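In what follows, a single structure is set out as structure tokens and then discussed.
The values are calculated or read from the model by the stated rules, or taken from the named source; none is laboratory data. None of the values given here were measured: they were computed from a predicted structure. Every residue, glycine among them, receives a Cβ derived from its backbone with ideal geometry; neighbour counts consider all protein chains shown. We work out accessible area using only protein heavy atoms, side chains counted, and drop any ligands, DNA or RNA first. Shrake-Rupley method; radii C 1.70, N 1.55, O 1.52, S 1.80 Å.
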Amino acid sequence: MENPFKIDPFAMVYEAYERLYSKECNVNWYADDIEQEIDGHECNVFGFTDFPEEGEPEIYINANASVQIALETLAHEFAHVAVGADKDHGPEWEEAFENIHKEYERIGAEQFGN
């Protein structure tokens, strides 16, 4: 199916990721709250990435998040896929996240002439 949206920021984030890293993964919208243990506490999060032993990484995004938060969360999780399961939020992850953001802005400028 062709994307019916003339402006689709989620497709733009995906395109930015794909241009830079093109590592296969699946993206899932998740309707319930997503809980994850952070520093020994259960917290609701907007998304996470699962790296199964077999198969492609699975990104989960909370469908109840605002568009702005969901977009940033999607870029955040793509950065995790880009650097791999063994990296956390260190310099490599930060660089991947920043690269995705810059490419997203470049795509927007291409599409909208800014």
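Would you mind counting up the charge near E56? Only other residues with Cβ under 12 Å from its Cβ, with Lys and Arg at +1 and Asp and Glu at -1.
On the way: positive: K23; negative: E24, D50, E53, E54, E58.
Overall, the nearby charge balance is -4.
Enter the accessible area per residue of the chain (Å², integer; probe 1.4 Å; all protein chains in place). If you can, show how the numbers build up before the last one.
On the way: 7610 Å² over 114 residues.
So the chain comes to 67 Å² accessible per residue, rounded to a whole number.
Percent relative contact order of the chain, based on C-alpha pairs within less than 8 angstrom and at least six residues apart? Can you show the working numbers first?
Details: 140 pairs, mean separation 31.3, N = 114.
Across the chain, relative contact order equals 27 percent.
Can you pull out the chymotrypsin sites (Phe, Trp or Tyr not before Pro) in region 1-70 whose DSSP state is coil and whose Cβ has at most 14 other Cβ atoms within 10 Å?
Values: sites: F5, F10, Y14, Y17, Y21, W29, Y30, F46, F48, Y60; in loops: F5, Y21, F46.
Passing both the DSSP loop test and the Cβ count: F5.
For the chain, just the Cα set please: Rg and Dmax, both in angstrom.
14.4, 47
Quote the FRET efficiency, to the nearest 0.05, computed for K6 versus H101 with a Förster distance R0 of 25 Å and r equal to the Cβ-Cβ distance. Intermediate values should be presented prior to the final figure.
Working: r = 22 Å, r/R0 = 0.89.
Approximately 0.65, to the nearest 0.05.
Does region 1-68 come out rounded, prolate or oblate by the C-alpha gyration tensor, with a ≥ b ≥ c the root eigenvalues, rounded set by a/c under 1.5 and, if not, prolate when a/b is larger than b/c and oblate if not? Walk me through the numbers before you get to the answer.
Numbers: a/c = 2.27, a/b = 1.40, b/c = 1.62.
Oblate is the answer for region 1-68, as a/c is 1.5 or above yet b/c matches or exceeds a/b.
First compute the accessible area of region 47-114 with a 1.4 Å probe, then give the percent of it belonging to carbon and sulfur atoms. Please report the intermediate quantities before stating the final value.
Numbers: 1800 of 3920 Å².
Carbon and sulfur: 46 percent of the exposed surface of region 47-114.
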